[in-house]
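All of the numbers you see were taken from the coordinates with simple rules; none came from a lab. Just so we're clear, the structure is a prediction, and the values are computed from it rather than from any experiment. Every residue, glycine among them, receives a Cβ derived from its backbone with ideal geometry; neighbour counts consider all protein chains shown.
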Amino acid sequence: MKRLAAVLAMLLSLAATPALAGPKVGDVLPDLTVKAQLNPSEAAYLGLPEKTQGVRLSQIKADVLIVEIFSMYCPRCQAEALAVNRMFARLAASPQGARIKFIGIGAGNSPFEVEFFRKKYQIPMPLIPDADYVLHKVFMSVGTPSFFVLKPGRSGLAVLFFHEGVFQDEDAFYEQLLRAATAR
């Protein structure tokens, strides 16, 4: 009986503990080296040398970086993949496209899984596998899909915008991303 009471007390204390807060505008995320093999077109898009195998996100030639945290196993990520592709194309074709870059990070996904997702959904943007959740932890272990607009700086990656979960209106969400990326 005492053991049951102790277990119940522990569960109640955990239930009363607030969940970890997600990232907020102004937070600064650490700038880790990403161990990914980029293909030549991905490296060119990001302004990096062709045979790049490890890069810090701040080395990407962009004033602002949009990052989607996804998982190939996430049904919401799968459902939104085509909309994200359209937003990527719109951004790349926009006047701001040269200074804003868009990448995806596959939380818990191996290179094989990321490549499967890329092929199945015809993803044009660079995708980075994160099989060991190293980057996912830097991005505060958010759910999938999640979107960040980041400003690279000397002290890390400043959060300009964060959205976790699905977006309801593709055009409105694209405008939110663009507003956050171009705000001074």
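Given the chain, what count of lysine pairs have C-alpha atoms under 23 Å apart, with each pair 8 or more places apart or on different chains?
Lysine pairs meeting the criterion: 19.
So what is the diffusion coefficient of the chain in µm² per second by Stokes-Einstein at 20 °C and 1.002 mPa s, using a Kirkwood Rh over Cα pairs?
Answer from the Stokes-Einstein relation: 123 µm²/s.
What number, rounded to the nearest 500 deg cm²/dmol, is the helix-based mean residue ellipticity at 222 nm of the chain, given -39500 (n - 2.57) per DSSP H run of at least four residues and division by all its residues?
So the helix-based figure for the chain works out to -11500 deg cm²/dmol.
Counting other beta carbons within 10 Å of each Cβ, put PHE147, PHE70 in order, fewest first.
Lowest to highest Cβ neighbour count: PHE147, PHE70.
For the chain, give the magnitude of the charge dipole about the Cα centre (Cβ charges: +1 Lys/Arg, -1 Asp/Glu; no others), in debye to the nearest 20.
It comes to approximately 360 debye.
Hey, can you grab everything whose amide H is under 5 Å from the amide H of ILE123? Only 5+ residues off in sequence or another chain; H modelled, so Pro and N-termini drop out.
The list, which skips near neighbours in sequence, is empty: none.
What does the net charge come to around VAL166 if you take all other residues with beta carbon closer than 11 Å to its beta carbon, with K and R at +1 and D and E at -1?
Local net charge: -3.
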